[in-house]
Amino acid sequence: MKLKLSIFTLAVILSSCDKDEAIIPITQGDYPVKEYYLERDPKVNVWGAGIDFVHSESELTETDLDYAYLTESDTFSYDIKFYTVKAYSYSENGDLQSEGTPAILLAPTTQACKIGEGISYFDSIRTISEAITGELVYESPIDYSLYKDSETGFYEQENLSAALDACIIGQSFRSNILVVPEGKTEEEVQAVYLIKTIEGAYVKFMVRRFKPDKPNEKQTLVRWQVINK
């Protein structure tokens, strides 16, 4: 009888250990919450703004290594990219119209998944489980050249938007796409994502404001915190 009880007790302990090992605690003290305003204007942010979550200065509140505006031949290593182009479509009257089409795209080595909504959720989440990390997926890179009109050289709004909608983050944070229910604010409904970097680190990330108040109305405010690296 005592032998059976001991075996049962050991099984419970092992099961408890397995569950504990599946939890990765956020080290809030080591990794600060970071916020940056990123330019949306395609003439300013020509090749995209790359964000590198984990680097030699990750524990600093602010550092030049967190993000960089890219050039055509840039070698800056990024986990995600905030990229925007001007895309065109025709109105019902046949008039050519344009709009900025910003999106957040994953690097080929980065995984991500949506885990919640709102800044309160972002601030409150303390642990990530094995079940959550099991939802992480890669994203197929978008070849923007496929969405250019061969005659005009313009990006086609409809087809490009369809491609971005298939991305994990894509353009879902845009004010004309994000649905904000009555009585709610944008900050309460913007999605929160878990991102796994090339280093194997975990990061929680969200767009806090797509179009902030003046003087930052032409920028987008992003927010993130390294969880574990």
Cα centroid separation - the stretch 73-88 against the stretch 195-229, whole Å
15
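Take peptides 179-185, 139-145, 155-161 and line them up by average Cβ neighbours within 10 Å, highest first, as a rough protection proxy.
Numbers: 179-185: 8.9, 139-145: 12.3, 155-161: 17.9.
Per-residue Cβ counts within 10 Å, averaged per peptide and sorted highest first, yield 155-161, 139-145, 179-185.
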Strictly greater than 18 Å: what percent of every Cα pair in the stretch 109-227 meets that?
59
Cut-off under 16 Å on the C-alpha distance; same-chain residues fewer than 8 positions from LYS184 excluded. Which aspartates and glutamates are left, in chain and number order?
GLU117
Would you give the gap between the C-alpha center of the stretch 42-70 and the C-alpha center of the stretch 149-180, rounded to a whole Å?
23
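Accessible area per residue of the chain at 1.4 Å probe, in Å²? The partial results should precede the final answer.
Values: 13010 Å² over 229 residues.
About 57 Å² of surface per residue is accessible.
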Ignoring ligands and nucleic acids, GLU188 exposes an accessible area, probe 1.4 Å, in Å² to the nearest 10, of 90
Comparing LEU96, LEU70, LEU38 in a Gaussian network model of the chain (Cα, 10 Å), the one with the largest mean-square fluctuation is LEU96
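Once you charge only the Cβ atoms, +1 for Lys and Arg and -1 for Asp and Glu, what is the size of the charge dipole of the chain about its Cα centre, to the nearest 20 debye?
Values: 22 positive and 37 negative charges, 170 e Å.
For the chain, the charge dipole is close to 820 debye.
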With a 1.4 Å probe and every protein chain kept in, tell me what percent of the accessible surface of the chain is carbon plus sulfur.
51
For TYR67, distant residues with modelled amide H under 5 Å away
ASP52
Over the chain, calculate the relative contact order: mean separation of alpha carbon pairs under 8 Å at least 6 apart, over the residue count, as a percent.
24
In the stretch 107-162, if the dipole is taken from +1 on Lys/Arg beta carbons and -1 on Asp/Glu beta carbons about the Cα centre, which of TYR121, TYR138, ALA162 is farthest to the positive end?
TYR121
Is there a pair in LYS86/LYS196; LYS34/LYS211; LYS148/LYS196; LYS34/LYS196; LYS81/LYS218 whose C-alpha atoms are over 25 Å apart, and which pairs would that be?
LYS86/LYS196; LYS148/LYS196
Compute the orientation-averaged projected area for the chain from the convex hull of its Cα atoms and round it to one decimal in nm².
17.8
Report the accessible area of CYS167, computed with a 1.4 Å probe over the heavy atoms of all protein chains in place, in Å² rounded to the nearest 10.
20
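The values are calculated or read from the model by the stated rules, or taken from the named source; none is laboratory data. Note that this is a predicted model, so its numbers are computed, not measured. Counting neighbours? That spans all protein chains shown, and the Cβs are built from the backbone with ideal geometry, glycine included. Each accessible area value is taken on the protein alone, full model and side chains, heavy atoms only, with ligands, DNA and RNA left out. Shrake-Rupley method; radii C 1.70, N 1.55, O 1.52, S 1.80 Å.
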